[in-house]
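Working notes for the structure below.
The values are calculated or read from the model by the stated rules, or taken from the named source; none is laboratory data. Values in this document were obtained by computation on a predicted structure and should not be read as measured data. Reconstructed Cβ throughout: ideal geometry from the backbone, glycine too, with neighbour counts over all protein chains shown. Ligands, DNA and RNA are stripped out before the accessible areas are found, and what is left, the full protein with its side chains, is counted by its heavy atoms. Shrake-Rupley method; radii C 1.70, N 1.55, O 1.52, S 1.80 Å.
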Amino acid sequence: MVNRIYIKYQITLLSAFFFLTIAVFPLQAAHAGEFPFSPGEKLVYEGTWLGISAGRVEANVDEVYIDGIKLIRFSLHAYTTGVMNTFWTADDHFDSYWNPQKRLPRRLEVIIRESNTKKDKTIDFFHGTKTAIVKINERDPVEKELNPAAQDFFSSGYFIRMQNLIVRQNITFPIFEDNKNYDARIEVIKKERISILGGEVDTIMIKPILKLEGAMQKRGQLWVWLTDDEQRVPAKLRLKMFFGSIYLKLIEAKGVNLKIILPKAKKKK
């Protein structure tokens with residue numbers, strides 16, 4: 001039973017980051033022709049459960065070339081730490097190769113290395129022919145139908161950062177994952193000031209509602225706090241489960257200009 005809980009915890013910890021935000025055309029870009037992220041961005045999150053440090057998530061942005069085309073690579077490394085490694089270990093990598101001109105994914109690479117799971121997966125996106133080629137481990141590649149403008153589950157988290165988010169307005173979108181096309185929804189809940197990195201930051205809280213069977217909707221409720229500025233940096237995530245809440249909190253940020261409000265110094269009497 002304990003192992004099952006920890007396995008579910010790790011799955012949802014990773015899923016929380018992957019599904020933190022997703023978007024679709026047509027949406028109104030917050031800053032046409034600009035991206036709120038750039039090569040050199042690095043975000044590091046600490047995962048906690050019941051106040052205990054249990055994992056880290058590191059996300060990076062850089063540029064690469066594939067077939068002579070300049071792409072943006074979104075990379076994520078998620079791994080267990082501390083007491084979690086006593087019960088269960090994970091060392092997972094995800095890379096999404098994204099075309100900045102088309103604003104669509106070109107390729108997704110997934111490497112899962114966990115205590116009882118080993119999985120390698122690639123998805124090549126061919127939006128012109130509306131097809132996706134999926135290869136898992138040593139199996140033969142499988143061709144699947146691809147909906148127009150579909151993001152992969154990881155690139156979508158960066159794409160939403162380009163959008164205008166208005167409180168009490170929802171965003172619907174298509175996504176391709178688990179060999180399926182499906183629709184999901186982002187609810188924009190409220191604005192809130194939260195504590196991170198030794199100060200406070202103004203945020204917009206959103207709630208992703210996913211419909212994919214077996215995904216996060218059946219595992220718990222997720223809330224994400226994005227900075228209320230041009231960069232929309234994910235600052236905190238909360239995943240509410242039957243055994244308690246899991247948090248991911250930003251502990252290191254490079255390549256972004258966070259508007260941290262520092263506490264005022266106390267006046268001497």
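Some notes on this structure:
- Among the residues making up the stretch 96-152, those that are in contact with a strand residue (DSSP E or B) (Cβ under 7 Å, 6 or more places away or on another chain), under 25 Å from residue 78 (Cα atoms) and acidic (Asp, Glu) are 109, 114, 120, 124, 152.
- Enumeration of residues in the stretch 65-92 that are outside any loop (DSSP other than H, G, I, E, B), surrounded by fewer than 15 Cβ atoms within 10 Å (Cβ to Cβ) and touching a residue at least 12 places away in the same chain (Cβ under 8 Å): 66, 69, 70, 91
- Scanning the stretch 227-255 for residues that are hydrophobic (A, V, I, L, M, F, W, C) and modelled with pLDDT of 95 or more, we see that the one that is surrounded by the most Cβ atoms within 10 Å (Cβ to Cβ) is 235.
- Test: residue in the stretch 105-117 that is surrounded by fewer than 15 Cβ atoms within 10 Å (Cβ to Cβ), within 16 Å of the chain's Cα centre (by Cα) and among the basic types (Lys, Arg): no
- Search result, residues across the stretch 49-64 that are open to solvent by 20 Å² or more (accessible area, probe 1.4 Å), in contact (Cβ under 8 Å) with a residue 12 or more places away in the chain and more than 14 Å from the chain's Cα centre (by Cα): 49, 50, 52, 53, 62, 63, 64
- Filtered residues of the stretch 166-177 (kept if loosely packed, with under 14 Cβ neighbours inside 10 Å and either farther than 22 Å from residue 150 by Cα or out of contact with any strand residue (DSSP E or B) (no Cβ under 8 Å at 6 or more places or on another chain) (or both)): 166, 167, 168
- Check on residue 121, of a type in the set (Lys, Arg), open to solvent by 30 Å² or more (accessible area, probe 1.4 Å) and assigned to a strand (DSSP E or B): no
- When we screen 41, 46 for residues that are under 19 Å from the mean Cα position of the chain (by Cα), at pLDDT 90 or above and surrounded by fewer than 18 Cβ atoms within 10 Å (Cβ to Cβ), the only hit is 46.
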